Amino acid sequence: MKNVKDFEGFLNEAAPVPSSSSGDPGTTTGMGPRKPVPFSFANELKKEDFLVTDENLPQFIKTPNKLVIVDFGNLNWCEACVRMKKTFDEIRVDQKLKDKFVLGTYEVSGWEGNEVTGNWKQPMAKKYVGGAAIPFVVFFRNGKMVHKFEGFGGNTGHDKSFLISLINKF
């Protein structure tokens, strides 16, 4: 997973990037610290999803000429999150769809309040997800939110065909 920090140039490979906004590497996924990877925006954006943070999300959602999908979840303990990630991986290799969108993953962590009136702690998670459950997915076009949904699989009606229809719609 790449970290989208600087669209204008290359990233500093030396600095580790925590996998949660709490600054505690590995707390949300257990995968440990991540290093930014140098990339050419135009070439690499198509190849895989990117780690989106509070700092780079405002810039990331303005990706030109693409539907930008941000997966607020990406937690390996969340069964629906894992299923959705695998489904996005399948869609990403589809020749008809792969050039239509770019996917960013935002690892939510930390809950404030109680189960009924709580919110995610991170600023961008609060802004877009609020107190909703994960996985929570937001679609952007030219920096503006065009669609969002909560949950994946089970009785939600959100499955691979649902994701494909949204990608084609927006």
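The values are calculated or read from the model by the stated rules, or taken from the named source; none is laboratory data. If you're wondering where the values come from, they're calculated on a predicted model, not measured in any experiment. All Cβ positions, even for glycine, are placed from backbone atoms using ideal geometry, and neighbour counts span all protein chains on display. With ligands, DNA and RNA removed, areas are computed over all heavy atoms of the protein, side chains included. Shrake-Rupley method; radii C 1.70, N 1.55, O 1.52, S 1.80 Å.
Below are the figures for this structure:
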{"item": "Members of region 75-112 found to be open to solvent by less than 70 Å² (accessible area, probe 1.4 Å), in a loop (DSSP other than H, G, I, E, B) and touching a strand residue (DSSP E or B) at 6+ places or on another chain (Cβ under 7 Å), listed by number", "result": "L75, V108, G110"}
{"item": "Residues of region 158-170 that turn out to be under 15 Å from A80 (Cβ atoms), in a loop (DSSP other than H, G, I, E, B) and open to solvent by 50 Å² or more (accessible area, probe 1.4 Å), as a count", "result": "1"}
{"item": "Hits in region 136-155 - residues which are open to solvent by 50 Å² or more (accessible area, probe 1.4 Å), in contact (Cβ under 8 Å) with a residue 24 or more places away in the chain and more than 16 Å from K66 (Cβ to Cβ)", "result": "G154"}
{"item": "Residue count, region 121-132 (criterion: touching a residue at least 24 places away in the same chain (Cβ under 8 Å) and open to solvent by less than 30 Å² (accessible area, probe 1.4 Å))", "result": "3"}
{"item": "Region 118-148 - residue that is small (G, A, S) and assigned to a loop (DSSP other than H, G, I, E, B) and, of those, modelled with the lowest pLDDT", "result": "G118"}
{"item": "Yes/no for L51 being of a type outside the set (S, T, N, Q), over 19 Å from H158 (Cα atoms), without any contact (Cβ under 8 Å) to a residue 60 or more places away in the chain and open to solvent by less than 60 Å² (accessible area, probe 1.4 Å)", "result": "yes"}
